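Derivation of every value follows stated rules applied to the coordinates shown; laboratory data play no part. Quick caveat, the model's predicted, so the values are computed rather than measured. FYI the Cβ positions are ideal-geometry reconstructions off the backbone, even for glycines, and counts take in every protein chain you see.
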Amino acid sequence: MSTERQDGYEAAPTKDFMIAAMLSLFLGVFAIDRFYLARVGTGILKLITFGGFGIWYVIDLILILTGNMKDNFNQPLQNRKKNLKAALLITGVVALLSVALTSYGNHANPDLSRISASSSASHSANGSAPSNQIEEAGNGVSKGEENALRAARRYLQVSAFSESGLAQQLTFEGFSQSEANYGVSHSGADWNEQAARAAEQYLNVQSFSRSGLIEQLQFEGFTRSQAEYGARAAGY
C-alpha cells in the first residue's frame, strides 16, 4: 500500500530488504540499518547505546527478517520474498559461528569450577568459610548456570524481556538450554512488569495502536495477558 508524501507525490518503496538485513546483521550495533532506512532519530539513540546494549540490535534484525520493519515512508522493504531464504541462511550461519566461537573460548579457558572446588577444599582445611559462590556449586549449581543467572539479571537491568525472549537471548550468547532456563527461572523477574517496560520502550521509539502494541508484545514472547497488562500500564 502506497503512502502519500507531504508534497502530494506517492511514495514508492525505495529500500532493499537484503541490504537492510545485512546492514542490521553486521553493522546493526552501530545503527547503520536505521540510518539506511532514514530513521535518523532512533538511529542516533541506537548508536549511542551500542545497539541498545545488544538488545535493540536483536530486535531490529528480527523486525527486518519478519517484514515488520518499514522504510522512512512506512513502505515495506523491496525484494523480501526473493531474498528471504538467503538472508535467513546467512543469519543462521553467523549465529552458529558466534556460538561456536563462544564455546571454543569457554573450553580454551581453565575449568573454573575445578579451581573453585580446589579453593573450597583449601579454605576448609585452613578453617576458613567457603564463599557463597562455592556454596552454590556445592548445592548442585553448575558454573554455566551461575553465569547464565548473572547474564539474565544483567540483561534485565538494561532492557525488558519476556520469559521466552530472555531464554533465547541467553542461548544466543552460547549458554545451553538448561543453563538458560535456570538463569531465567531464578532471575526474579516479574513478567507483567517486564511487559510494561517493553511497552514503554516501544512507544518511546515508535507509535503503536493498542492492538498493534499488544501484537508486538506477543511477538516478543509475552503471553496475551502479559501483553494486555503492558498495554494498560502504558496508558492503553
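How high is the relative contact order of region 12-101, given as a whole-number percent (alpha carbon pairs under 8 Å, six or more residues apart)? Intermediate values should be presented prior to the final figure.
Numbers: 103 pairs, mean separation 32.2, N = 90.
This gives 36 percent for region 12-101.
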Taking only C-alpha pairs under 8 Å that are 6+ residues apart, what is the relative contact order of region 129-233 in percent?
29
Looking only at lysines whose Cα falls under 30 Å of Lys82's and that sit 8 or more positions away or on another chain, we get Lys15, Lys46, Lys70
What are the residues whose amide H is under 5 Å from the amide H of Asp16, where those residues sit 5 or more places off or on another chain and H is modelled from the backbone?
Gln78
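Compute the signed sum of charges (Lys and Arg +1, Asp and Glu -1) over the other residues within less than 12 Å, Cβ to Cβ, of Phe53. Let's see the in-between values first.
Details: positive: Lys46, Arg154; negative: none.
That works out to +2.
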Principal axes first, then extents: for the Cα atoms of region 12-101, list largest minus smallest coordinate on each axis, whole Å, largest first.
41, 33, 15
Give a residue-ordered list of calculated ³J(HN,Hα) values for region 73-88 (Karplus: 6.51 cos²θ - 1.76 cosθ + 1.60, θ = phi - 60°; whole Hz; x for Gly, Pro).
9, 6, 9, x, 6, 6, 6, 5, 4, 5, 10, 4, 4, 5, 5, 5
Apply the Karplus curve 6.51 cos²θ - 1.76 cosθ + 1.60, θ = phi - 60°, to the phi angles in region 229-236 and return the couplings in whole Hz, x for Gly and Pro.
4, x, 5, 4, 5, 7, x, 8
Integer Hz, Karplus 6.51/-1.76/1.60 couplings in order for region 89-94, x for Gly and Pro:
5, 5, 4, x, 5, 5
Note down, for region 129-233, the three equivalent ellipsoid semi-axes (square root of 5 times each alpha carbon gyration tensor eigenvalue), biggest first, whole angstrom.
31, 12, 11
Which FRET efficiency value, to the nearest 0.05, do you get for Arg210 and Ala38 by plugging their Cβ-Cβ distance into 1/(1 + (r/R0)^6) with R0 = 22 Å?
0.20
